[in-house]
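This report refers to the structure that appears directly beneath it.
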Amino acid sequence: MKKNSLFLFWFASWIGQVSAQVPTYLADVQPIVARHCAPCHQPGGLGPFSLLTYEDVAKRGKFVAKVTQIRYMPPFPADRQFQQYANERGLSETEIKTIQDWVKGGMLQGEEQSGKKKLVSASSASVLPAARTPDLVLRMKPYAIKGDGREDFRYFHVPMGLQKDIWVEAIEFVPGNRKLLHHSRLMVDSTGTMAGINGITEDDPRLHDFQKTPLADEFLYGWVPGNDRVTFPAGAAKRIRAGSDLILNIHYSPSSKEDQDQSEVRLYFAQKPVQRAVQTLTLTENNITNQPFQLAADTKPTFYVNYGPLPDTIRLLSVLPHMHRLGRTVRAFAITPDGDAVNLIKIDDWDYDWQLTYFFQAPLVLPKGSTIIAEAHYDNTDQNPLNPSRPARTVGYGWNSTDEMMNLVFYYVK
(Lines give C-alpha, C1' and ligand atoms only; values in the text may rest on other atoms or scores of the structure.)
Protein backbone atom coordinates (compact mmCIF):
# COMPACT_ATOMS: atom_id res chain seq x y z
CA MET A 1 0.00 0.00 0.00
CA LYS A 2 2.74 2.43 0.88
CA LYS A 3 4.54 1.75 -2.40
CA ASN A 4 1.31 2.14 -4.36
CA SER A 5 0.48 5.34 -2.54
CA LEU A 6 3.94 6.71 -3.16
CA PHE A 7 3.71 5.82 -6.86
CA LEU A 8 0.29 7.43 -7.20
CA PHE A 9 1.56 10.55 -5.48
CA TRP A 10 4.60 10.71 -7.78
CA PHE A 11 2.47 10.05 -10.87
CA ALA A 12 -0.02 12.77 -9.96
CA SER A 13 2.82 15.22 -9.36
CA TRP A 14 4.39 14.32 -12.69
CA ILE A 15 1.09 14.80 -14.52
CA GLY A 16 0.69 18.16 -12.83
CA GLN A 17 4.17 19.24 -13.91
CA VAL A 18 3.57 18.15 -17.49
CA SER A 19 0.22 19.95 -17.57
CA ALA A 20 1.82 23.08 -16.20
CA GLN A 21 4.35 23.00 -19.03
CA VAL A 22 1.65 22.95 -21.73
CA PRO A 23 0.83 26.55 -22.68
CA THR A 24 -2.72 27.73 -22.21
CA TYR A 25 -4.47 30.54 -24.01
CA LEU A 26 -5.20 32.76 -21.02
CA ALA A 27 -1.80 32.39 -19.39
CA ASP A 28 0.52 32.27 -22.38
CA VAL A 29 -1.04 32.92 -25.78
CA GLN A 30 -3.43 35.75 -25.01
CA PRO A 31 -0.68 38.26 -24.10
CA ILE A 32 1.08 37.49 -27.39
CA VAL A 33 -2.07 37.91 -29.45
CA ALA A 34 -3.03 41.10 -27.60
CA ARG A 35 0.36 42.69 -28.23
CA HIS A 36 1.06 41.61 -31.80
CA CYS A 37 -2.16 40.52 -33.53
CA ALA A 38 -5.35 41.97 -32.09
CA PRO A 39 -4.50 45.66 -32.70
CA CYS A 40 -5.34 44.94 -36.36
CA HIS A 41 -7.52 41.86 -35.90
CA GLN A 42 -10.53 43.37 -34.14
CA PRO A 43 -13.91 44.66 -35.30
CA GLY A 44 -13.32 47.64 -37.58
CA GLY A 45 -9.59 46.94 -37.73
CA LEU A 46 -7.36 46.24 -40.71
CA GLY A 47 -7.40 42.47 -40.23
CA PRO A 48 -10.02 40.41 -42.11
CA PHE A 49 -11.18 38.68 -38.92
CA SER A 50 -11.19 39.27 -35.17
CA LEU A 51 -8.76 37.72 -32.68
CA LEU A 52 -10.18 39.24 -29.50
CA THR A 53 -11.42 36.09 -27.78
CA TYR A 54 -10.30 32.55 -27.06
CA GLU A 55 -12.96 31.28 -29.47
CA ASP A 56 -11.65 33.60 -32.21
CA VAL A 57 -8.08 32.37 -31.86
CA ALA A 58 -8.81 28.68 -31.26
CA LYS A 59 -11.04 28.53 -34.35
CA ARG A 60 -8.01 29.56 -36.43
CA GLY A 61 -5.34 28.08 -34.19
CA LYS A 62 -3.53 26.03 -36.85
CA PHE A 63 -3.65 28.93 -39.28
CA VAL A 64 -2.25 31.35 -36.66
CA ALA A 65 0.51 28.87 -35.85
CA LYS A 66 1.45 28.55 -39.52
CA VAL A 67 1.54 32.25 -40.48
CA THR A 68 3.49 33.18 -37.35
CA GLN A 69 5.94 30.32 -37.79
CA ILE A 70 6.86 31.44 -41.33
CA ARG A 71 6.84 35.08 -40.12
CA TYR A 72 4.17 36.09 -42.60
CA MET A 73 2.38 37.63 -39.64
CA PRO A 74 2.64 40.13 -38.12
CA PRO A 75 3.85 41.83 -41.31
CA PHE A 76 7.03 43.89 -41.30
CA PRO A 77 8.39 44.22 -44.84
CA ALA A 78 11.67 46.02 -44.10
CA ASP A 79 14.94 44.08 -43.93
CA ARG A 80 15.97 44.09 -40.26
CA GLN A 81 19.52 43.11 -41.13
CA PHE A 82 19.89 46.26 -43.25
CA GLN A 83 18.60 48.62 -40.52
CA GLN A 84 16.80 48.28 -37.20
CA TYR A 85 13.73 50.25 -36.19
CA ALA A 86 12.06 51.34 -32.99
CA ASN A 87 8.62 50.20 -34.19
CA GLU A 88 9.61 46.77 -35.44
CA ARG A 89 6.83 44.19 -35.49
CA GLY A 90 7.39 40.48 -35.16
CA LEU A 91 7.38 37.59 -32.74
CA SER A 92 10.39 36.30 -30.89
CA GLU A 93 11.42 32.67 -31.27
CA THR A 94 10.03 32.03 -27.79
CA GLU A 95 6.65 33.54 -28.69
CA ILE A 96 6.47 31.51 -31.89
CA LYS A 97 7.28 28.32 -29.98
CA THR A 98 4.64 29.13 -27.38
CA ILE A 99 1.95 29.31 -30.07
CA GLN A 100 3.24 26.11 -31.69
CA ASP A 101 3.21 24.25 -28.38
CA TRP A 102 -0.25 25.58 -27.53
CA VAL A 103 -1.71 24.26 -30.78
CA LYS A 104 0.07 20.90 -30.44
CA GLY A 105 -1.11 20.66 -26.83
CA GLY A 106 -4.78 20.89 -27.79
CA MET A 107 -5.31 24.69 -27.59
CA LEU A 108 -6.25 24.67 -23.91
CA GLN A 109 -8.08 27.74 -22.69
CA GLY A 110 -6.72 27.62 -19.14
CA GLU A 111 -7.80 29.77 -16.24
CA GLU A 112 -7.54 33.46 -15.46
CA GLN A 113 -4.26 34.25 -13.75
CA SER A 114 -4.86 35.86 -10.39
CA GLY A 115 -3.20 39.22 -9.98
CA LYS A 116 -2.76 39.70 -13.74
CA LYS A 117 -4.42 42.51 -15.61
CA LYS A 118 -6.99 41.18 -18.03
CA LEU A 119 -5.97 42.11 -21.57
CA VAL A 120 -8.83 40.82 -23.67
CA SER A 121 -12.52 40.21 -23.16
CA ALA A 122 -15.19 39.01 -25.50
CA SER A 123 -16.90 42.38 -25.52
CA SER A 124 -13.87 44.65 -25.56
CA ALA A 125 -13.58 47.12 -28.41
CA SER A 126 -9.81 47.23 -28.17
CA VAL A 127 -7.16 44.92 -26.80
CA LEU A 128 -4.65 47.65 -26.14
CA PRO A 129 -4.12 49.09 -22.68
CA ALA A 130 -6.10 52.23 -22.01
CA ALA A 131 -4.70 54.68 -24.55
CA ARG A 132 -3.93 58.29 -23.86
CA THR A 133 -6.86 60.54 -24.72
CA PRO A 134 -6.22 62.74 -27.78
CA ASP A 135 -5.85 66.43 -27.03
CA LEU A 136 -7.62 67.42 -30.24
CA VAL A 137 -9.97 65.37 -32.43
CA LEU A 138 -10.87 66.78 -35.85
CA ARG A 139 -13.56 65.21 -38.02
CA MET A 140 -14.11 65.89 -41.69
CA LYS A 141 -17.65 66.53 -42.89
CA PRO A 142 -19.45 63.33 -43.97
CA TYR A 143 -18.61 62.46 -47.56
CA ALA A 144 -20.96 60.45 -49.80
CA ILE A 145 -18.99 57.93 -51.89
CA LYS A 146 -20.70 57.66 -55.27
CA GLY A 147 -20.22 53.97 -55.95
CA ASP A 148 -19.55 54.48 -59.66
CA GLY A 149 -16.74 51.90 -59.84
CA ARG A 150 -14.02 54.53 -60.20
CA GLU A 151 -11.07 55.45 -58.03
CA ASP A 152 -11.86 58.63 -56.18
CA PHE A 153 -9.29 61.22 -55.06
CA ARG A 154 -10.69 64.05 -52.96
CA TYR A 155 -9.45 67.03 -50.98
CA PHE A 156 -11.14 67.99 -47.73
CA HIS A 157 -10.79 71.15 -45.66
CA VAL A 158 -10.98 70.61 -41.89
CA PRO A 159 -11.04 73.74 -39.66
CA MET A 160 -8.87 73.40 -36.56
CA GLY A 161 -9.99 76.45 -34.59
CA LEU A 162 -6.55 77.01 -33.09
CA GLN A 163 -6.29 80.14 -30.96
CA LYS A 164 -2.61 79.54 -30.26
CA ASP A 165 0.30 77.51 -31.60
CA ILE A 166 0.40 73.84 -30.65
CA TRP A 167 3.23 71.31 -30.51
CA VAL A 168 2.16 67.82 -31.61
CA GLU A 169 4.17 64.79 -30.52
CA ALA A 170 1.86 62.11 -31.95
CA ILE A 171 -0.55 61.99 -34.90
CA GLU A 172 -3.22 59.45 -35.67
CA PHE A 173 -5.62 59.14 -38.61
CA VAL A 174 -8.72 57.01 -38.07
CA PRO A 175 -10.46 56.00 -41.33
CA GLY A 176 -14.22 56.26 -41.18
CA ASN A 177 -14.53 53.69 -43.96
CA ARG A 178 -11.71 51.14 -43.74
CA LYS A 179 -13.15 49.10 -46.58
CA LEU A 180 -12.82 51.81 -49.22
CA LEU A 181 -10.34 54.37 -47.88
CA HIS A 182 -6.91 53.36 -49.13
CA HIS A 183 -4.70 56.22 -48.02
CA SER A 184 -4.76 59.78 -46.78
CA ARG A 185 -2.22 62.58 -46.73
CA LEU A 186 -2.52 65.30 -44.07
CA MET A 187 -1.33 68.81 -44.86
CA VAL A 188 -1.48 72.14 -43.01
CA ASP A 189 -2.68 75.47 -44.39
CA SER A 190 -1.96 78.62 -42.39
CA THR A 191 -3.44 81.18 -44.83
CA GLY A 192 -7.14 80.68 -44.07
CA THR A 193 -7.91 80.76 -47.81
CA MET A 194 -8.40 77.05 -48.57
CA ALA A 195 -11.98 76.40 -47.44
CA GLY A 196 -13.11 76.15 -51.07
CA ILE A 197 -10.97 73.07 -51.64
CA ASN A 198 -13.35 70.97 -49.56
CA GLY A 199 -14.72 68.06 -51.54
CA ILE A 200 -13.07 68.79 -54.90
CA THR A 201 -11.46 66.03 -56.95
CA GLU A 202 -7.89 65.58 -58.09
CA ASP A 203 -8.90 66.43 -61.67
CA ASP A 204 -10.96 69.53 -60.81
CA PRO A 205 -9.60 72.54 -62.80
CA ARG A 206 -9.96 74.69 -59.66
CA LEU A 207 -7.35 72.60 -57.86
CA HIS A 208 -4.54 74.28 -59.77
CA ASP A 209 -5.46 77.63 -58.25
CA PHE A 210 -5.47 76.23 -54.73
CA GLN A 211 -2.09 74.57 -55.30
CA LYS A 212 -0.56 78.01 -55.91
CA THR A 213 -0.94 78.68 -52.18
CA PRO A 214 2.20 77.61 -50.26
CA LEU A 215 1.30 75.22 -47.47
CA ALA A 216 2.74 75.52 -43.97
CA ASP A 217 3.32 71.74 -43.97
CA GLU A 218 3.00 69.72 -47.17
CA PHE A 219 3.26 66.44 -45.27
CA LEU A 220 2.10 66.43 -41.69
CA TYR A 221 1.34 62.71 -41.79
CA GLY A 222 0.41 59.96 -44.23
CA TRP A 223 -1.92 57.09 -43.45
CA VAL A 224 -1.80 53.88 -45.46
CA PRO A 225 -2.88 50.34 -44.52
CA GLY A 226 -0.31 49.15 -42.00
CA ASN A 227 0.68 52.62 -40.83
CA ASP A 228 -0.62 53.44 -37.37
CA ARG A 229 -0.12 56.37 -35.02
CA VAL A 230 3.25 58.08 -35.37
CA THR A 231 4.93 59.23 -32.17
CA PHE A 232 8.01 61.39 -32.30
CA PRO A 233 10.93 60.87 -29.90
CA ALA A 234 10.86 62.73 -26.60
CA GLY A 235 11.67 66.40 -27.03
CA ALA A 236 10.64 66.45 -30.72
CA ALA A 237 7.28 67.60 -32.09
CA LYS A 238 5.52 69.16 -35.07
CA ARG A 239 4.52 72.79 -34.67
CA ILE A 240 1.13 73.90 -35.98
CA ARG A 241 0.52 77.64 -35.95
CA ALA A 242 -2.58 79.37 -34.61
CA GLY A 243 -5.21 79.88 -37.29
CA SER A 244 -4.10 76.83 -39.27
CA ASP A 245 -6.44 74.31 -40.89
CA LEU A 246 -5.99 70.75 -42.08
CA ILE A 247 -6.15 69.70 -45.72
CA LEU A 248 -6.83 65.99 -46.28
CA ASN A 249 -6.03 64.33 -49.59
CA ILE A 250 -7.90 61.01 -49.54
CA HIS A 251 -7.89 58.11 -52.00
CA TYR A 252 -11.00 55.90 -52.10
CA SER A 253 -10.85 52.53 -53.85
CA PRO A 254 -13.43 51.77 -56.57
CA SER A 255 -16.86 50.75 -55.27
CA SER A 256 -19.99 49.54 -57.02
CA LYS A 257 -22.19 50.62 -54.11
CA GLU A 258 -22.85 54.02 -52.60
CA ASP A 259 -21.24 54.44 -49.20
CA GLN A 260 -20.07 57.11 -46.76
CA ASP A 261 -16.94 58.22 -44.97
CA GLN A 262 -16.28 60.51 -42.04
CA SER A 263 -12.67 60.07 -41.02
CA GLU A 264 -11.00 61.81 -38.12
CA VAL A 265 -7.58 63.06 -37.10
CA ARG A 266 -6.32 62.74 -33.54
CA LEU A 267 -3.57 65.00 -32.30
CA TYR A 268 -1.58 64.48 -29.11
CA PHE A 269 0.16 67.54 -27.71
CA ALA A 270 3.71 67.46 -26.42
CA GLN A 271 3.76 66.82 -22.68
CA LYS A 272 7.37 67.89 -22.15
CA PRO A 273 9.33 70.91 -23.37
CA VAL A 274 10.06 70.69 -27.09
CA GLN A 275 13.73 70.95 -27.92
CA ARG A 276 13.59 70.25 -31.65
CA ALA A 277 10.94 70.96 -34.29
CA VAL A 278 10.13 67.99 -36.52
CA GLN A 279 10.33 68.76 -40.23
CA THR A 280 9.56 66.72 -43.33
CA LEU A 281 11.76 65.96 -46.32
CA THR A 282 9.93 64.41 -49.28
CA LEU A 283 11.82 62.96 -52.23
CA THR A 284 9.60 62.51 -55.28
CA GLU A 285 9.72 61.52 -58.93
CA ASN A 286 11.21 64.96 -59.61
CA ASN A 287 14.38 63.83 -57.80
CA ILE A 288 14.91 60.82 -60.07
CA THR A 289 18.21 61.06 -61.94
CA ASN A 290 17.41 58.79 -64.91
CA GLN A 291 14.38 60.65 -66.22
CA PRO A 292 11.78 60.33 -67.57
CA PHE A 293 9.87 58.41 -64.94
CA GLN A 294 8.12 56.15 -67.40
CA LEU A 295 7.67 52.39 -67.21
CA ALA A 296 7.44 51.00 -70.72
CA ALA A 297 5.19 47.99 -71.24
CA ASP A 298 6.90 44.59 -70.81
CA THR A 299 9.93 46.04 -69.02
CA LYS A 300 11.43 45.83 -65.53
CA PRO A 301 12.93 49.28 -65.08
CA THR A 302 15.01 50.62 -62.20
CA PHE A 303 14.96 54.27 -61.15
CA TYR A 304 17.51 56.14 -59.04
CA VAL A 305 17.41 59.13 -56.72
CA ASN A 306 20.46 61.15 -55.76
CA TYR A 307 19.59 63.97 -53.36
CA GLY A 308 22.23 66.27 -51.96
CA PRO A 309 24.61 67.43 -50.81
CA LEU A 310 22.62 68.40 -47.71
CA PRO A 311 23.06 72.08 -46.84
CA ASP A 312 22.94 71.39 -43.09
CA THR A 313 23.42 68.54 -40.65
CA ILE A 314 20.12 66.76 -39.98
CA ARG A 315 18.99 63.91 -37.76
CA LEU A 316 16.65 61.51 -39.51
CA LEU A 317 13.84 60.16 -37.32
CA SER A 318 12.05 57.94 -39.83
CA VAL A 319 11.53 56.94 -43.44
CA LEU A 320 8.33 56.13 -45.36
CA PRO A 321 8.82 54.65 -48.87
CA HIS A 322 5.91 54.76 -51.32
CA MET A 323 5.30 53.01 -54.64
CA HIS A 324 2.25 51.48 -56.30
CA ARG A 325 1.46 47.98 -57.54
CA LEU A 326 4.32 47.64 -60.02
CA GLY A 327 6.94 48.32 -57.34
CA ARG A 328 9.03 45.28 -56.43
CA THR A 329 11.99 46.42 -54.31
CA VAL A 330 13.32 49.64 -52.81
CA ARG A 331 16.59 50.49 -51.10
CA ALA A 332 17.88 53.77 -49.69
CA PHE A 333 21.04 54.83 -47.89
CA ALA A 334 23.10 57.95 -47.32
CA ILE A 335 26.75 58.69 -48.00
CA THR A 336 28.50 61.11 -45.65
CA PRO A 337 31.27 63.52 -46.77
CA ASP A 338 33.76 61.07 -45.23
CA GLY A 339 32.43 58.27 -47.46
CA ASP A 340 30.59 56.37 -44.74
CA ALA A 341 27.36 54.60 -45.71
CA VAL A 342 24.26 55.02 -43.50
CA ASN A 343 21.63 52.40 -44.23
CA LEU A 344 18.06 53.72 -44.25
CA ILE A 345 15.60 51.19 -45.68
CA LYS A 346 15.59 48.00 -47.76
CA ILE A 347 12.42 46.18 -48.80
CA ASP A 348 12.82 43.14 -51.04
CA ASP A 349 9.13 42.35 -51.51
CA TRP A 350 7.10 45.56 -51.84
CA ASP A 351 3.48 45.42 -50.67
CA TYR A 352 1.27 48.27 -51.88
CA ASP A 353 -1.39 47.27 -49.36
CA TRP A 354 0.91 47.33 -46.31
CA GLN A 355 3.13 50.37 -45.85
CA LEU A 356 4.79 51.83 -42.76
CA THR A 357 6.57 54.83 -41.36
CA TYR A 358 9.77 53.22 -40.10
CA PHE A 359 11.21 55.00 -37.06
CA PHE A 360 14.90 54.45 -36.46
CA GLN A 361 15.93 53.15 -33.05
CA ALA A 362 17.86 56.39 -32.60
CA PRO A 363 18.06 59.45 -34.86
CA LEU A 364 20.52 58.93 -37.73
CA VAL A 365 22.90 61.86 -38.03
CA LEU A 366 23.58 62.94 -41.62
CA PRO A 367 26.38 65.55 -41.59
CA LYS A 368 26.28 68.60 -43.81
CA GLY A 369 27.32 67.56 -47.32
CA SER A 370 25.77 64.07 -47.11
CA THR A 371 23.88 62.61 -50.07
CA ILE A 372 20.77 60.41 -49.96
CA ILE A 373 20.69 57.68 -52.59
CA ALA A 374 17.75 55.43 -53.45
CA GLU A 375 16.89 52.84 -56.06
CA ALA A 376 13.55 51.25 -56.84
CA HIS A 377 12.82 48.28 -59.09
CA TYR A 378 9.53 47.81 -60.94
CA ASP A 379 7.93 44.98 -62.90
CA ASN A 380 5.65 46.14 -65.70
CA THR A 381 5.24 42.78 -67.43
CA ASP A 382 2.38 40.36 -67.87
CA GLN A 383 4.29 37.92 -65.66
CA ASN A 384 3.77 40.22 -62.68
CA PRO A 385 0.57 38.92 -61.02
CA LEU A 386 0.11 42.30 -59.30
CA ASN A 387 0.09 44.25 -62.56
CA PRO A 388 -3.34 45.94 -62.70
CA SER A 389 -3.17 46.25 -66.51
CA ARG A 390 -3.75 43.29 -68.83
CA PRO A 391 -2.00 43.38 -71.21
CA ALA A 392 0.80 45.48 -69.73
CA ARG A 393 0.76 49.12 -70.84
CA THR A 394 3.22 51.97 -70.58
CA VAL A 395 2.80 53.65 -67.19
CA GLY A 396 3.94 57.01 -65.86
CA TYR A 397 3.49 59.17 -62.77
CA GLY A 398 -0.02 59.46 -61.39
CA TRP A 399 -2.22 59.17 -58.32
CA ASN A 400 -4.30 56.21 -59.55
CA SER A 401 -3.21 52.76 -58.39
CA THR A 402 -2.83 51.92 -62.09
CA ASP A 403 -0.18 54.68 -62.34
CA GLU A 404 3.15 54.71 -60.50
CA MET A 405 5.09 56.74 -57.97
CA MET A 406 8.49 56.74 -56.27
CA ASN A 407 8.56 58.62 -52.95
CA LEU A 408 10.66 58.66 -49.81
CA VAL A 409 9.29 60.72 -46.92
CA PHE A 410 11.56 61.51 -43.98
CA TYR A 411 10.80 63.06 -40.61
CA TYR A 412 13.89 64.86 -39.32
CA VAL A 413 15.15 67.41 -36.84
CA LYS A 414 18.14 69.73 -36.92
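The values are calculated or read from the model by the stated rules, or taken from the named source; none is laboratory data. All values reported here derive from a predicted model rather than from experimental measurement. So basically every Cβ, Gly included, is an ideal-geometry build from the backbone, and we count neighbours across all protein chains shown. Accessible surface is based on the protein model in full, side chains and every heavy atom, while ligands, DNA and RNA are left aside. Shrake-Rupley method; radii C 1.70, N 1.55, O 1.52, S 1.80 Å.
Kindly sort 71, 154, 331 by accessible area of their heavy atoms, largest first, with the probe set to 1.4 Å. Please list the in-between numbers first.
Numbers: 71 115, 154 30, 331 80 Å².
Sorted descending by solvent-accessible area, the residues read 71, 331, 154.
Once the Cβ-Cβ distance of residue 304 and residue 351 is raised to the sixth power relative to R0 = 25 Å, the FRET efficiency obtained is 0.70.
Given the alternatives (1) 24.8, 97; (2) 21.6, 72; (3) 24.0, 80, Rg and Dmax of the Cα atoms in Å as computed for this entry is given by (1). With contributions of -39500 (n - 2.57) from each DSSP H run of at least four residues, the per-residue ellipticity at 222 nm computed over the chain stands at -4000 deg cm²/dmol. Taking all Cα-Cα distances within region 37-92, those exceeding 19 Å account for 33%. Solvent exposure of the chain, expressed per residue, is 51 Å² of accessible area, with all protein chains present and a 1.4 angstrom probe. With K and R counted +1 and D and E -1, the other residues having a Cβ less than 14 Å from that of residue 258 yield a net charge of 0.
By the equivalent-ellipsoid construction on the alpha carbon gyration tensor, region 199-357 comes out with semi-axes of 27, 26, 17 Å, ordered largest to smallest.
Take the Kirkwood radius over Cα pairs of region 362-414, plug it into Stokes-Einstein at 20 °C and 1.002 mPa s, and you get 149 µm²/s for translational diffusion. To the nearest 10, the accessible area of residue 280 is 40 Å² with a 1.4 Å probe.
For the chain, the longest principal axis of the C-alpha atoms and the axis of helix 93-104 are separated by about 50°.
Given N residues in region 212-286, what is its alpha carbon radius of gyration divided by 2.2 N^0.38 Å?
Rounded to two decimals, the normalised Rg is 1.38.
Working from label points 7 Å from Cα in the Cα-to-Cβ sense, the residue 209 to residue 63 distance is 5.2 nm.
Which aspartates and glutamates have a Cα lying under 12 Å from the Cα of residue 368, excluding residues fewer than 8 positions away in the same chain? Correct list for residue 368: 312, 338. Going by accessible surface with a 1.4 Å probe and the largest first, 244, 190 read 190, 244. When both bridge partners sit in the chain, DSSP labels roughly 95% of those beta bridges antiparallel. Across the accessible surface of the chain, with the other protein chains kept in place and a 1.4 Å probe, carbon and sulfur atoms take up 51 percent. Helix 2-21 and the longest principal axis of the Cα set of the chain meet at an angle near 0°.
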